[in-house]
Amino acid sequence: MPDGGEHAQPMIMATGPHCSHSIEKAEHVAPIDGEKDEQQHETQSNRTSTSTLNDQERQDGSVTPDRDAEMALHSTRTSSPPFSVFTAQQKRMIVLMVATASFFSPLSANIYFPALNTLAEDFNVSSGVINLTLTSYMIFQGLAPTIFGDLADMAGRRPTYLIGFTIYIAACIGIACCDSYAALLVLRCLQSSGSSGTIALASGVVADIATSAERGSWMGWATSGPMVAPAIAPVLGGIFAQFLGWRWIFWFLTILAGVFIVPFALVFPETGRNVVGNGSIPPQGWNMSLINYLQVRKTRRDSSILERTVSRDSQRTAQLALARQRKLRIPNPLNALILLLEKDVALLLFYNSIVYCAFYDVLASAPQLLGEIYGYDALQIGLCFLPFGAGCFLAPSLSGKLMDWNFRRAASKIGYEIVKGKANDLRHFPIEHVRISVAVPMVFVGDAALLAYGWVMHVETHLAVPLVLMFIQGCALTGAFNAMSVLLVDLYPLAPATATSANNLVRCLMGAGATVAVIYMIEAMGRGWCFTFVAGVVAVCSPILWVLERWGPGWREARRVKAEELKAENIQCRKGEPEKETQSSPSVPGEASAVVEEQERKKR
């Protein structure tokens, strides 16, 4: 293929069954580097741009765009619409809401721990049987987001959030009132299904409103809820279980979710780019928040009759164009599994899950170790989690600022221009190196603290020492996890919720096994050697990051080429016309390509 996209690649039109197969396959190819620019008034052009990184780029990681593409990209960045029309204040409100929403899933999982013994007595079952409610919760915590993530990328964020919270609140009420173990088991699965999709949705919302250059900070705060909750929840659970009874745990969750969902439904705007573009296209009437409705009403009231007519026509045209692209269907959980077939994504998800397992091994074993060594009750054990939670709370801000700073530093080094608020074309940008260089030192610090923690608990030192190490682990491991999660969204910016769902699926299933195994490992190996083994697994798997940094850009480029070829074939199948060999001007893929094509159409 020509380097730099000097000519469009000729393609033979597929017809009949093969054409249908191509369309279906194209829809399941994950989006590629660089976010997609707004397509507010027309559907995509049938032009495809293909290129590959040259040998020098693959060897030393340096990237130098060709002159034509660089000039086109510069022109696009300065003249294209903003990536998002939401103001900084609106973005802060949006991210605060999605962070709070994603807080409910891990909160519901960990607030449950202090009540396990009481539940076993009330339902007359053994502790092993009652622990099945934990395992089933984590399994559905991994499975449910694959459905909710696909639904959110297809139909929008707001309706998916509202459906999930409706299920969650109903399940919480049912658990608070249930009198049988079978009902408890089923309702815990429903509770997990309703709340766990919010984690994947948070990443999707951030990808909707933030470019790659600023995504680190926003993503850090959006994912702070799931990281802080495991440390705070045991304290709350211990208080309720000790003073009010286990049923009040679920009445509390019901009240908390109800208090949150009312203002959320009123003010949270739809952000899905396949529904509202960059936020300038009003969503469907049933999907409007109060803010959306008041903004549309104010615009219509302040404009003239002619302006209102033109505005309504253009908005209706844009809404129809986006609706044709969405193709609503039954959510397919297999879409998340398809991402595991990509080499870079599979390696990233596996290593991310290893770090997550190490994180949860500390959480799962701490109650037993603190009780054995220091003789603490449930409430005192819960309070010991506060340093861990403080580290988790600081990690999003620290890692997010480091990622954004490192993005700007790398851009300055290679002469990559960043225009604030404009889309970023990641085709010629070493995004793997930028994210991984932040994750590596955090993994090293967190792994060293994990190793020391095991031997500190083995010799039973003063309580202050393990608490300090828990703080370091919470900050470092959470920061590394956030950096790798942001990289995953960078690799799949057009389907961020689906990509995060795949991440959630792998880490939750592996985490469920790790939390069960760690207690038996401590009993068989001892505290020191158990955590030495866990830290060793993280260290042995760490070369995966080097592999991703070395070969990831090439795999990402190959995926981009394949996706654009299938997209072009998809468009030709819909038009029913064979594609002719044409000569095109140098194209700029990613977020900028749609704008360049729009300008060319206007010139013609």
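The values are calculated or read from the model by the stated rules, or taken from the named source; none is laboratory data. As the structure is a computational prediction, the values presented were derived from the model and not from experiment. Neighbour counts run over all protein chains shown; Cβ positions are idealised from the backbone, glycine included. Remember, those area values only see protein heavy atoms, side chains included, never the ligands or the DNA or RNA. Shrake-Rupley method; radii C 1.70, N 1.55, O 1.52, S 1.80 Å.
Tabulated values for the structure
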{"read-out": "Pairs from Lys91/Lys567; Lys420/Lys567; Lys343/Lys562 whose Cα-Cα separation, in the structure shown, is over 20 Å", "value": "Lys91/Lys567; Lys420/Lys567"}
{"read-out": "Hz values of 3J(HN,Hα) by residue in the range 265-278 - Karplus curve (6.51, -1.76, 1.60), Gly and Pro given as x", "value": "5, 7, 10, 6, x, 5, 10, x, 6, 7, 10, 10, x, 8"}
{"read-out": "Share of carbon and sulfur in the accessible heavy-atom surface of the range 84-326 [1.4 Å probe, %]", "value": "67 percent"}
{"read-out": "Phi to ³J(HN,Hα) by Karplus 6.51 cos²θ - 1.76 cosθ + 1.60 over the range 152-160, Hz, x for Gly, Pro", "value": "5, 5, 9, 10, x, 7, 4, x, 5"}
{"read-out": "Highest to lowest packing among 363-376, 268-281, scored as the average C-beta count within 10 Å", "value": "268-281, 363-376"}
{"read-out": "Accessible surface, 1.4 Å probe, highest first, among residues Asp208, Asp179", "value": "Asp179, Asp208"}
{"read-out": "Cα gyration tensor shape for the range 84-326, rounded if a/c is under 1.5, else prolate or oblate", "value": "prolate"}
{"read-out": "Highest to lowest packing among 405-411, 447-453, scored as the average C-beta count within 10 Å", "value": "447-453, 405-411"}
{"read-out": "Solvent-accessible area of Thr87 with every protein chain in place, 1.4 Å probe, in Å² to the nearest 10", "value": "70 Å²"}
{"read-out": "Relative contact order (%) - the range 84-326, alpha-carbon pairs under 8 angstrom, separation at least six", "value": "29 percent"}
{"read-out": "Shape of the range 214-280, Cα gyration tensor, a/c cut at 1.5", "value": "oblate"}
{"read-out": "Surface accessible to a 1.4 Å probe, Glu460 within the full protein complex, Å²", "value": "100 Å²"}
{"read-out": "Accessible-area value, Phe252, 1.4 Å probe, nucleic acids and ligands omitted, Å²", "value": "50 Å²"}
{"read-out": "Heavy-atom surface of the range 395-551, accessible at 1.4 Å and reported per residue (Å²)", "value": "37 Å²"}
{"read-out": "Residue-wise HN-Hα coupling along the range 401-409, computed from phi with Karplus coefficients 6.51, -1.76, 1.60 (Hz; x: Gly, Pro)", "value": "5, 5, 5, 5, 5, 5, 4, 5, 5"}
